[in-house]
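Enquirer: There's a structure below that I have some questions on.
FYI, it's all coordinate maths here, none of it is from the lab. What you see is a predicted model; the values in this text were computed from it and never measured. No Cβ is skipped: glycine too gets one built from the backbone with ideal geometry, and neighbour counts run over all protein chains shown.
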Amino acid sequence: MDLDDLVHSAAPRRPRWRVRLRNYFLTGIVVAAPVGITAYLTWTFVQWVDSRVKPLIPTVYNPDTYLPFSVPGVGLLFAILMLTLLGFLTANLVGRTIVSYGENLVERTPLVRNIYRALKQLFQTVLSQSSRSFQKVALVEYPEKGVWRVGFVATIAKGEVMERLADEDPLAVFIPNTPNVTAGFLVFVPRREAILLDMSVEEAAKMIISAGLVVPEHESAEDFLKAHHKAISEAAE
């Protein structure tokens, strides 16, 4: 008997009922926690929108005026309707003219115009239906050789960066942090040094947020692990 066997044999064994209770409790947490957190965040968001939009709703259209209790979500629904109406009006000639006058006014305002340009470009890129931003996931060596990070491929480098690095065929890759995937670094990587992965952006985000605990399944990886374990078993025999 080696030292490890001696230690394991000497360690006290927990009763089976305690182990089962612990496993049931952990399983309950795994099931209830995502549901509870999602419900809490959704309810908090609805209340936050209601608290800011409801005071703007005319009394005639506010159901809280007629009912003895508050109706949650009215402010959120009103905000969605107003944004949809704004988009409809903006798509027309009159709406485009008004928006054009507003943009010209903003463009003449120092400091504000820089913020407006950046935010407008950001939202147009993220919300555009034709945009293919963050459609691929890649492994890149960052911040040094031998250290691999998961990144989101934004696009092919453009403008002056593309001109300066034309021989490298660079890709613009966003390297998110763990667990906050909304913060990170923008790096330009030669295409030959970026390893494109099959996993989706959502799967990669889950893996990054969980610090590698939640890993998407991959058939090739499963076959590789099985073959690896089989080779180890055969070598041991």
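Enquirer: Beyond 23 Å between alpha-carbons counts as too far, so tell me which of Lys136/Lys158; Lys136/Lys206; Lys158/Lys206 fall in that bin.
Expert: Over 23 Å Cα-Cα: Lys158/Lys206.
Enquirer: Determine, for each peptide in 65-77, 184-196, 102-114, the mean count of other beta carbons within 10 angstrom over its residues, then list the peptides with the highest first.
Expert: 184-196, 65-77, 102-114
Enquirer: Between Tyr142 and Val214, how many nm apart are label points set 7 Å from Cα along the C-beta direction?
Expert: Result: 2.2 nm between the two label points.
Enquirer: Using 0.36 nm per residue, how much length does the chain from Arg108 to Ala91 gain when fully extended, once their Cα-Cα distance is taken away?
Expert: Here the answer is 3.7 nm.
Enquirer: What is the extension gain from Met82 to Phe174, computed as 0.36 nm multiplied by their sequence separation minus the C-alpha to C-alpha distance, in nm to one decimal?
Expert: 29.8 nm
Enquirer: Taking just the C-alpha trace of segment 37-79, give me its Rg and Dmax in Å.
Expert: Radius of gyration, then largest Cα-Cα span, for segment 37-79: 10.8, 35 Å.
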